[in-house]
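Novice: Quick one: structure below, then a few questions.
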Amino acid sequence: MKNLESLMAAYLFVWAIFFVYQLTVGRRVARLQAEIERLKETLGQGSR
Amino acid sequence: MSARTHSVPTFGVAALVALAGYSALFLAPTERTMGLIQRIFYFHVPSAWTGFVAFFIVCVASVAYLLKRAPKWDWLAVSAAEVGVAYFTAVLVTGPIWAKPVWGIWWTWDARLTSTFVLWLLYVSYLLLRTLVSDSERRAMVSAVFGIFAFLDVPLVYLSIWFWRTQHPQPVIGGGGLDPRMWPVFLVCWAALLGVMVLLLRQRYLLEALRHQVQEMAMEAQMGDQSESFENKQVVRAKGAQ
């Protein structure tokens, strides 16, 4: 089983890159959705 | 989009990813000279091909933006550029992990490796360039031109093996060929990475659309504040005149 560690490291790196990227995009989306809710409240108050 | 329709493709891609991992590790035949380490190929090469697809989307969306001037094309271009950079980061990480036991070195500045690194740098620059231009229309315009220009490096990366002497193995198509038993595993892995790309691209595009919505709402809120303070001033003036 020569180079098994290297192979595992490569596979882990590949999926870690996509997982971390997905996580950062998801967090940015959640932050923007919260901002939209806040702005909706502000605009709702303004129109009253 | 409902949570149900959203989760169906996600589960489909997750199943494909699991199948790809299993096939690459257990079903693919072990290569005679390189042994186990050759299995990196099943994620290294499909990552590069998927990255090329992402950069092709950047190019097409950039052309479409220049022709139509619709912001959605700019959103698609930036989303695909970011996803493509993620894929080429995977290529640039897995390549040296394969090279060390096979070549005895992590990296060499030969034509294929250097042009791939330049490609990655070009799209990182594309993303950095966007942060430097504050006006959205101007940013979209400059990015579209840069996105088309950056794509010129893609054929150069692929053809570098024929143009210059390089240590990199021959390409799968038009090069050294592939054992027929390796093809199905390779295609499953590529399908899995393409599926992941579609999911990432969809999520990243949503982010851009939300960003645009926030900008518009913030502007609306600001205009509301301004008109409110104008009305208050008018009331104060009217009271003063009485």
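Novice: From other protein chains only, count the Cβ atoms within 10 Å of every residue's Cβ in A:11-22, then give the mean.
Specialist: Mean partner shielding for this stretch: 6.
Novice: What is the sum of charges around B:Ser62, taking Lys and Arg as +1, Asp and Glu as -1, for the other residues whose C-beta is under 13 Å from the C-beta of B:Ser62?
Specialist: Here the charged neighbours net out to +4.
Novice: Can you give the net charge of the other residues whose Cβ lies under 14 Å from the Cβ of A:Arg38, counting K and R as +1 and D and E as -1?
Specialist: -2
Novice: Same structure again: If I fit a long axis through the Cα atoms of helix B:3-22 and take the longest principal axis of the Cα atoms of chain B, what angle between them do I get, 0 to 90°, rounded to 10?
Specialist: Here the helix axis deviates by roughly 20 degrees.
Novice: Could you give the length gained on full extension between B:Ser134 and B:Leu19, defined as 0.36 nm per residue of separation minus the Cα-Cα distance, in nm?
Specialist: My answer for the length gained is 37.0 nm.
Novice: Moving on to the next point. Sorted by accessible area with a 1.4 angstrom probe, largest first, how do B:Arg39, B:Arg32, B:Arg211 fall?
Specialist: Heavy-atom accessible area, descending, gives B:Arg32, B:Arg211, B:Arg39.
Novice: In a GNM of chain B with a 10 Å cut-off on Cα contacts, which of B:Gly35, B:Gly95, B:Gly147 has the highest mean-square fluctuation?
Specialist: Ranking B:Gly35, B:Gly95, B:Gly147 by mean-square fluctuation puts B:Gly35 first.
Novice: Tell me the accessible surface of B:Leu129 in square angstrom (1.4 angstrom probe, heavy atoms of protein chains only), to the nearest ten.
Specialist: For B:Leu129, the solvent-accessible surface is approximately 40 Å².
Novice: With a 1.4 Å probe and all protein chains kept in place, how do B:Phe52, B:Phe88, B:Phe11 rank by accessible area, largest first?
Specialist: So, going from the largest accessible area down, we get B:Phe11, B:Phe52, B:Phe88.
Novice: Another one. What are the ³J(HN,Hα) values, in whole Hz, obtained from phi via the Karplus relation 6.51 cos²θ - 1.76 cosθ + 1.60 with θ = phi - 60°, for each residue of segment A:12-28 in sequence order, with x given for Gly and Pro?
Specialist: 5, 4, 4, 6, 5, 4, 5, 5, 5, 4, 4, 5, 5, 5, x, 5, 5
Novice: I've got another one for you. Determine by what factor the alpha-carbon radius of gyration of chain B differs from 2.2 N^0.38 Å, reporting the quotient.
Specialist: Normalised Cα radius of gyration, chain B: 1.36.
Novice: Compute the relative contact order of segment B:3-241 as a whole-number percentage, counting only Cα pairs closer than 8 Å that sit 6 or more residues apart in sequence.
Specialist: 29
Novice: By average Cβ neighbour count within 10 Å, what is the ranking of A:27-35, B:116-124 from highest down?
Specialist: Averaged packing, sorted descending, gives the order B:116-124, A:27-35.
Novice: Per residue of segment B:187-196, in order, report the coupling 6.51 cos²θ - 1.76 cosθ + 1.60 (Karplus, θ = phi - 60°) as ³J(HN,Hα) in whole Hz, putting x for Gly and Pro.
Specialist: Each residue's phi maps through the Karplus curve to give 5, 5, 5, 5, 4, 5, 5, 5, x, 4 Hz.
Novice: Using the Karplus curve 6.51 cos²θ - 1.76 cosθ + 1.60 with θ = phi - 60°, work out ³J(HN,Hα) for each residue of segment B:106-120 in order, rounded to whole Hz, and write x for Gly and Pro.
Specialist: Listing the rounded values in order: 6, 8, 9, 7, 8, 4, 5, 5, 5, 5, 5, 5, 5, 4, 4 Hz.
Novice: Per-residue Cβ counts within 10 Å, from other chains only, averaged over B:18-27: what number is that?
Specialist: Mean partner-chain Cβ count within 10 Å for B:18-27: 1.
Novice: Just check the protein assembly as shown against the gyration tensor rule for me: Cα atoms, a ≥ b ≥ c as the square roots of the eigenvalues, rounded for a/c under 1.5, and otherwise prolate or oblate depending on whether a/b exceeds b/c.
Specialist: It is prolate, given that a/c is not under 1.5 and a/b is the larger ratio.
Novice: For segment B:1-94, compute Rh as the Kirkwood radius over C-alpha pairs and then the Stokes-Einstein diffusion coefficient at 10 °C and 1.306 mPa s; write the answer in µm²/s, rounded to an integer.
Specialist: 101
Novice: In Å³ and rounded to a whole number, note down the convex hull volume per residue for the Cα atoms of segment B:39-114.
Specialist: Spread over its residues, the Cα hull of segment B:39-114 gives 78 Å³ apiece.
Novice: Next up: Work out the FRET efficiency for B:Thr108 and B:Val145 from their Cβ-Cβ distance, taking R0 = 25 Å, and round it to the nearest 0.05.
Specialist: Efficiency at R0 = 25 Å is approximately 0.15.
Novice: Determine which aspartates and glutamates satisfy two conditions relative to B:Lys72: a Cα distance under 19 Å, and not lying fewer than 8 residues away in the same chain.
Specialist: B:Glu82, B:Asp135, B:Glu137, B:Glu208, B:Glu216
The values are calculated or read from the model by the stated rules, or taken from the named source; none is laboratory data. Computed from a predicted model, the values in this text were never measured in an experiment. Backbone-built Cβ (ideal geometry, glycine too); neighbour counts: all protein chains shown. To get the accessible areas, we keep the full protein, side chains included, count just its heavy atoms, and leave off ligands, DNA and RNA. Shrake-Rupley method; radii C 1.70, N 1.55, O 1.52, S 1.80 Å.
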